[in-house]
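What follows is a short report on a single structure.
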Amino acid sequence: MTAVAPLALPTLPAAFQQSNVDYLAILPLLIVFGTALIGVLVEAFASRERRHAIQVTLSVVGLLAAAASIIVAAKHQGLTMGLTDGSTNRQLFALAIDGPALFMQGTILLMGVLGVLTMAERFGGVGPDAFTPSGASTPGSAVETAAARAGALTSEVFPLTMFAIFGMMLFPTTNDLIGMFVALEVLSLPLYILSGLARRRRLLSQEASLKYFLLGAFSSAFFLFGTALLYGYAGSVYFGDLSKAIAAGPLAMNGLLLPGAFLVFVGLLFKVGAVPFHAWTPDVYQGAPTPVTGFMAACTKAAAFGAILRLAYVGLDTGRWEWTNALVLVALLTMVVGAVLSVTQTDMKRLLAYSSIAHAGFILVGVLAFDRKAVGAVLFYLVAYGFSTIAAFAIVSLVRQNGAEATHLSQWAGLGKRYPVVAAAFAFLMLAFAGIPLTSGFVSKFGVFSAAVGTGGATGTVLAVVGVLCSAITVFVYARVIVLMFFSDAPDDGVEVVTPSVSTTFSIAIGTLITLALGVLPSALLDLADRASQFVR
Amino acid sequence: MGTLVQTLASSPSTLSTYAVGLATHEGEAHAASGVTAYAWLLVALPLLGAAVLLLGGRRTDKFGPVLATVLSWSAFVVGALVFLAMLGRGAEDRAVGIDLFDWVAAGAFKVSAGLLVDQLSMVFVLLITFVGSLIHVYSLGYMEHDPDRRRFFAYLNLFVAAMLLLVLANSYLLLYVGWEGVGLASYLLIGFWNYNPAYATAANKAFVANRVGDFGLSIAIMLMFFHFGAVDFQTVLGAAGDNANQGFMTAIGLMLLLGACGKSAQFPLQSWLGDAMAGPTPVSALIHAATMVTAGVYLVVRSSAIFEAAPTAQLVVVIVGAITLLFGAIVGCAKDDIKKALAASTMSQIGYMMLAAGLGPVGYAFAIFHLLTHGFFKAGMFLGAGSVMHGMNDQVDMRRFGGLSGAMKITWATFGLGWLAILGVPPFSGYWSKDKIIEAAFIGEGWRPWVFGLAALIGAGITAFYMSRLFFMTFHGKKRWTDDVHPHESGLLMTVPMMILAVGSAFLGLVLGATGGITTWLEPVTGAEPEGAHPVLPPWLLVVLTLVLVAAGIALAWLRYWRDDVPAKAPAGSLLTQAARKDLYQDQVNEALLMRPGIHLTRSLVFADSKGVDGAAGGLAALVGGTSSRLRKLQNGFARSYALTMLAGVVAILGALWVMS
């Protein structure tokens, strides 16, 4: 652990020296990173016909191996990737391998498997997959047509996804602001590209990608500016130092603390789609290829909330009186705006985007309870929401009209009468989003709201009450979808549910089953989340 | 009050069994094993039958009814084996508890689902499985031509399973499961021919009346949980004896009684039983005569510790019993529908049991004894009535019967034995059980023995009259048949069960009552009859008085319904007759007191709901929708405005916090 340093002036270290790295502790990270690199080599050397199959197998095996290696990493918990500050001989640690970090890593890996399987969907090789054959071509150009005719596949999406997953795993694990920023960028850059690779409506997809990139860069700037202010305040970017510096309290510089803390949070809140940093969410969710949207919605949210938890509970915990109110405001805005705006949506993907905004608000309520139990509740929520979301987007990718995804709500009318199984699964996921008992959504909402009421004080109670009211609003939205699917007459416009291959079926089935299982027998995961809720410092 | 003993003992099976002592007696620790550990089969076998028949669908049409009957008999065999095992133990070791699984575990509140096999529940088990199985056999003949007989047998099996669960449960909560189960089966079977709207209405009526009672029972259970923190018999009844708060005990007792009144068709919830005769006759025999309707008596006797701690509630039990026994008897005198007359009689006889159950230790054993004998003779008579209907084209109007003794000899003989039994003519069964209740009703001090004793005594006289009326109108006197009927005796499948039940009607009392066997058997559960409790009139005088009244009742009936001609169309009759025909205006009272105000209340609530609540909800929805449409315009698709939103948001929030601090 770090020694208390004199905080008079931020002294520039003469030279950093690597002191120790516990490679077993970071084994999951290394496996994913390695798999991504191998993926790049596969792109370069494997023949075009076999690339897709190799990439899918490689990614899934890599993810599963990494998930298995978490068991090893769990035996090596602690701070690692230490550096020695040459001038003062302080030990600084960049990575925290602890319960929340490993729990988030495991969650991201398993949800990543489902995400990859959904992306791998090719409808038995007869139908087109979700990605453009030639991402670099101009939409509608001759190059694109030629690539499509040649049967080109953008199998680069798999290494890109692996890099993104690596960044996502790193995000809640980093124990300093700079590392966190690097992780943020590592996970974001591949996602920017993935968002722009849709096969159909490519202009919309590219627009989404560009917007995501521009606004992401903007938010990164906020993050960096906040980091600079906090460094100015504490003289260090390491969370341990930060926490101690705030506790020691150089009051004279309080003017730096609040803006610094909040701006760093802005960078993270942008990633979870919290209001007022949410504007990108509906556009990107709509424009990105649907499997990517599902993957992004589940995994990015999990990773970013993992990072928010660490920042709030480890780095800035001692100064929380300064910044809590800012986050409370954001949480209130997020819940209300997400819920209210979802009411008037007419596109399924945008509807799910606003739903994800509202859910981000509910999770923030749990974060703001500041209690170990609340950490467990948030972790549980992320798992429950993530699996439901992946399954929901996977189903959205199956509903098609003339080969293109039918995402307008009116196209979903009467779906339950013709495709009762798929519609029933989707309806069940809607109930989970609404938080109806016997679904994981109920248990997770109950967890965060009860944590807020239990330890969040008066603020927590207000947040929970607003949260319940907003849930009530969103119930209308989800119920409307169910009513539309089961009680409306189908328009005669040839909307169909295409038959997916094993991989997508597997994703949908697992996502739905986990949603049910966590609703009926949540205790096993609740226990695990509870045991994993202790941060290392 | 007794010491409660619970000793957990390991047994070879996965179930742990232990000996329990309840309420009023000392119990020695005892480890049960062998067949007793398999008592759960009693419930499981018929439940399996119901599941197979209901889930199997048409595939089970062929063998379903027979399978159901076999499973019901298997349950009887298990019951008999458990009973034999129980006989092999000393009186104090006979009560055995069987833990099945942890059912409810909510914090400090734990309920394990388990069975309590003791003398009281065994009496019921044998009655239910034996009479129930006989009625299964009878139904094979009676329902032979019904296209839906599979469903019928499934419901019968469901009923047997639920009823056994009711009497075997070791906690009020599990009892409630059985309680609701029999209610469900009863509802389904009353409305079995639900294509007839009147029958469907009858089923609904039974359901609603039962619901009122069930609420009583559930409130009682909630009160127990609130007061004792437990709902199992052992804890509750043990604590009830130890100076529990009397107000609570009274409240629990009255709520239990309300439950009992609903299930057992006691005043003021008795109105459904007459209409329940809409169900097939075997159902009336099994559910609405022999077993389910006596569940209320079981509940009161099982909860004796509570009622003894609440004298007020106990008094109310006696009053309810006395009112119902007279009420049912009077109604029975005026009914021309053979099944409804029998139903009124059932109500009245259960009134006797309820009265006995309210008298305390002097009455418990006789309440159960009468329940047992009544189960035999009333089921026998109902089956007889079914046999008559079978031979008479399903007619039920006794004014069109008469002189059937020649055409249906076996039915006449078996019904006659039941008739002698219910009248209380020695040495038939009813004499041993009912006369004892009359005697017990005369025990006590002050006004009570006179009021309740006389009610029971007069009831016996009226019973003699209306049962004789029924018997004579059906089997004797002139033939008043409609032209198209050709009465004939029923087949063996139907007559053999009737004969067996008739044997029971004749000799059960002699076997169990004359020897004092039943009182000795039940003593560990119900407590010993107090010494020195003597009726206010000498017992021999009571016997003589009863027999004189019974003879008078028979004579009057003989004069009017055998010697004189019975008009085929009912005469106008006196005011009392008219009232009795309409169940003493119970339906009208219910309608005026409950239904109309209820309808009015719901109408006003609907009005308030649509104007007030819906209006508010609609307004809120419009507000949300409007806000949503307006906010939506902010989402204009331009990255520059999005970035501006972010910046503005950061500035606004930081500004707000800066101003605040």
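FYI, it's all coordinate maths here, none of it is from the lab. Computed from a predicted structure; not experimentally measured. With ideal geometry, Cβ positions are generated from the backbone for all residues, glycine too; neighbour counts draw on all protein chains shown.
Distance between the C-alpha centers of segment B:494-562 and segment A:342-405? Whole Å please.
73 Å
Place a +1 charge on the Cβ of each Lys and Arg in the protein assembly as shown and a -1 charge on the Cβ of each Asp and Glu, then give the dipole magnitude about the Cα centre in debye, rounded to the nearest 20. Write out the running numbers ahead of the final one.
Values: 67 positive and 62 negative charges, 451 e Å.
Around 2160 debye, computed over the protein assembly as shown.
Order of B:634-644, B:78-88, B:41-51 by packing, highest average Cβ count within 10 Å first? Intermediate results must be reported in sequence, preceding the final value.
Details: B:634-644: 14.5, B:78-88: 17.5, B:41-51: 22.5.
So the peptides B:634-644, B:78-88, B:41-51, ranked by packing, come out B:41-51, B:78-88, B:634-644.
Where in segment B:239-279 is the amide nitrogen less than 17 Å from a point lying 7 Å along the Cα-to-Cβ axis of B:Asn194?
What the label zone holds, given the 17 Å backbone N cut-off, is B:276-279.
Treating only the Cβ atoms of Lys and Arg (+1) and Asp and Glu (-1) as charged, compute the dipole magnitude of chain A about its Cα centre; round to the nearest 20 debye. Write out the running numbers ahead of the final one.
On the way: 28 positive and 25 negative charges, 56 e Å.
Magnitude of the dipole: close to 260 debye.
Taking the Cα centre of segment B:268-413 as the origin, how large is its charge dipole in debye, to the nearest 20, when only Lys and Arg (+1) and Asp and Glu (-1) carry charge on their Cβ atoms?
Working: 8 positive and 6 negative charges, 45 e Å.
Once rounded to the nearest 20, the dipole reads 220 debye.
Along the charge dipole of the protein assembly as shown, Cβ charges K/R +1 and D/E -1, which of A:Phe222, B:Leu258, B:Ser271 sits furthest on the positive end?
A:Phe222
Starting from the Cα of A:Lys301, draw a straight line to each of the aspartates and glutamates and keep only those under 17 Å, dropping any in the same chain fewer than 8 residues away.
The reachable aspartates and glutamates, counting only those whose Cα sits under 17 Å from A:Lys301, are A:Glu185, A:Asp283.
What Kirkwood Rh does segment B:90-235 have if only Cα atoms enter the pairwise 1/r average? Answer in Å. Please report the intermediate quantities before stating the final value.
Working: mean 1/r = 0.0584 Å⁻¹.
That comes to 17.1 Å for segment B:90-235.
Give me the Kirkwood hydrodynamic radius of chain B, using the inverse of the mean 1/r over all pairs of distinct Cα atoms, in Å to one decimal. Before the final figure, lay out each step's value.
On the way: mean 1/r = 0.0376 Å⁻¹.
Across chain B, the inverse of the average 1/r is 26.6 Å.
Can you list the residues, at least 5 places off or on another chain, whose amide H is less than 5 Å from the amide H of B:Val96, using H built in the peptide plane?
Here B:Val20, B:Val117, B:Asp118 satisfy the definition.
If R0 is 56 Å, what FRET efficiency do you get for B:Asp587 and A:Ser488 from their C-beta distance, rounded to 0.05? Working shown, then result.
Values: r = 45 Å, r/R0 = 0.80.
That pair, B:Asp587 with A:Ser488, gives E of 0.80.
Between A:Glu43 and A:Val498, what FRET efficiency follows from the Cβ-Cβ distance if R0 is 22 Å, with the result rounded to 0.05? Each step should come with its number before you reach the end.
Values: r = 28 Å, r/R0 = 1.27.
With a Förster radius of 22 Å, E is 0.20.
Treating the angle as unsigned and between 0 and 90°, give the value, to the nearest 10°, between the Cα long axis of helix B:448-475 and the longest Cα principal axis of chain B.
70 degrees
Sorted by mean Cβ packing within 10 Å, highest first, what order do the peptides A:29-41, B:150-162 take? Don't skip to the end; give the middle numbers.
On the way: A:29-41: 19.3, B:150-162: 26.2.
Top to bottom by mean Cβ count within 10 Å: B:150-162, A:29-41.
What order do you get for B:130-136, B:592-598, A:492-498 when each peptide is scored by the mean count of other beta carbon atoms within 10 Å, highest first?
Details: B:130-136: 27.0, B:592-598: 11.3, A:492-498: 13.7.
Result, highest mean first: B:130-136, A:492-498, B:592-598.
What does the charge add up to near B:Leu100, with Lys and Arg as +1, Asp and Glu as -1, over the other residues with Cβ less than 14 Å from its Cβ? Provide the component values of the computation, followed by the final result.
On the way: positive: B:Lys110; negative: B:Asp99, B:Asp102, B:Asp232.
Value of the local net charge: -2.
Extending each Cα 7 Å along its Cβ direction at B:Ala608 and A:Ala472, get the distance between those two points in nm, one decimal.
In this crude spin-label approximation the distance works out to 1.8 nm.
Pick out, from A:Phe171, B:Leu342, A:Val314, the residue whose Cα sits farthest towards the positive end of the charge dipole of the protein assembly as shown, with +1 on the Cβ of Lys and Arg and -1 on the Cβ of Asp and Glu.
A:Phe171
Assuming R0 = 41 Å, what is the FRET efficiency of B:Asn393 and B:Val104, from their Cβ-Cβ distance, to the nearest 0.05?
Working: r = 52 Å, r/R0 = 1.27.
The pair B:Asn393/B:Val104 has a calculated efficiency of 0.20.
Just from the alpha-carbon atoms, what are the Rg and Dmax of the protein assembly as shown in angstroms?
39.4, 128
Report the gain in length on full extension from B:Ser629 to B:Phe225: 0.36 nm times residue separation, minus Cα-Cα distance, nm rounded to one decimal. Before the final figure, lay out each step's value.
On the way: separation 404, 0.36 × 404 = 145.44 nm, distance 5.12 nm.
Net length gain for the segment: 140.3 nm.
So how far apart, in nm, are the two label points at B:Ile458 and A:Ile178 if each is 7 Å from Cα heading toward Cβ?
Between B:Ile458 and A:Ile178, the simple spin-label model gives 10.4 nm.
Which net charge results for the neighbourhood of A:Pro128, defined as the other residues with beta-carbon distances under 14 angstrom from its beta-carbon, given Lys and Arg at +1 and Asp and Glu at -1?
Computed value for this residue: +3.
Ignore the peptide's own chain and count Cβ atoms of other chains within 10 Å of each Cβ in B:484-493; give me the average, rounded.
Numbers: counts 0, 0, 0, 0, 0, 0, 0, 0, 0, 0.
Per residue, the average neighbour count from other chains is 0.
Evaluate the distance, in nm, between pseudo-label points positioned 7 Å from the Cα of B:His486 and of A:Ser523 along their respective Cα→Cβ axes.
Here the answer is 6.8 nm between the modelled labels.
Using only the Cα atoms of chain A, each taken as one equal point scatterer with no solvent, compute I(q) by the Debye sum, divide by I(0), and report log10 of the ratio at q = 0.08, 0.13 Å⁻¹.
Cα-only, vacuum Debye calculation for chain A: -0.49, -1.28.
Could you give the length gained by full extension between B:Ala652 and B:Ser574, i.e. 0.36 nm per residue of separation minus their alpha carbon distance, to one decimal place?
19.1 nm
Kirkwood hydrodynamic radius of segment A:424-471 from all distinct Cα pairs, in Å?
Numbers: mean 1/r = 0.0902 Å⁻¹.
Computed over Cα pairs of segment A:424-471, the Kirkwood hydrodynamic radius comes out at 11.1 Å.
Please give the average number of partner chain Cβ atoms lying within 10 Å of the Cβ of each residue in B:648-659, rounded to a whole number.
5
Which of the lysines could a cross-linker bridge to B:Lys335, judged by Cα under 30 Å and excluding same-chain residues fewer than eight apart?
B:Lys335 reaches B:Lys205, B:Lys263, B:Lys378, B:Lys409, B:Lys434, B:Lys436, B:Lys478, B:Lys479, B:Lys569, B:Lys582.
Kindly express, to the nearest 10 degrees and within the range 0 to 90, the angle between helix A:202-234's C-alpha long axis and the longest C-alpha principal axis of chain A.
With both axes taken from Cα atoms, the answer is about 10 degrees.
Would you work out if segment B:250-398 is rounded, prolate or oblate? Take a ≥ b ≥ c from the square roots of the eigenvalues of the alpha-carbon gyration tensor; rounded if a/c is under 1.5, else prolate when a/b is larger than b/c, oblate otherwise.
prolate
Determine the shape class of segment B:613-661: with a ≥ b ≥ c the square roots of the Cα gyration tensor eigenvalues, call it rounded for a/c under 1.5, and otherwise prolate if a/b is greater than b/c, oblate otherwise. Don't skip to the end; give the middle numbers.
Working: a/c = 7.40, a/b = 1.56, b/c = 4.74.
In terms of gyration-tensor shape, oblate.
Could you work out, residue by residue across B:640-646, how many beta carbons of other chains sit within 10 Å of that residue's beta carbon, and then give the average as an integer? Don't skip to the answer; put the middle values down first.
Working: counts 1, 1, 11, 8, 1, 6, 12.
The mean count of partner-chain Cβ atoms within 10 Å per residue comes to 6.
Fully extended, how many nm does the chain gain between A:Lys417 and A:Met253 (0.36 nm per residue separation, minus their Cα-Cα distance)? Write down the numbers at each step before the final one.
Working: separation 164, 0.36 × 164 = 59.04 nm, distance 6.46 nm.
Length difference between fully extended and current span is 52.6 nm.
Just to be sure I understand the curve: with the Debye formula and one point per C-alpha of segment B:580-661, what is log10 I(q)/I(0) at q = 0.12, 0.20, 0.22, 0.25 Å⁻¹?
Result of the Debye calculation: -0.69, -0.96, -1.02, -1.08.
Under the rule a/c < 1.5 gives rounded, and otherwise a/b versus b/c splits prolate from oblate, where does segment B:423-539 land using the Cα gyration tensor? Provide the component values of the computation, followed by the final result.
Details: a/c = 3.93, a/b = 1.73, b/c = 2.28.
Oblate shape, in that a/c is at least 1.5 and b/c is the bigger or equal ratio.
Got a sec? Charge dipole of segment B:224-375, +1 on Cβ for Lys and Arg, -1 for Asp and Glu; which of B:His288, B:Phe366, B:Phe226 is way out at the positive end?
About the Cα centre, the residue reaching furthest to the positive side is B:His288.
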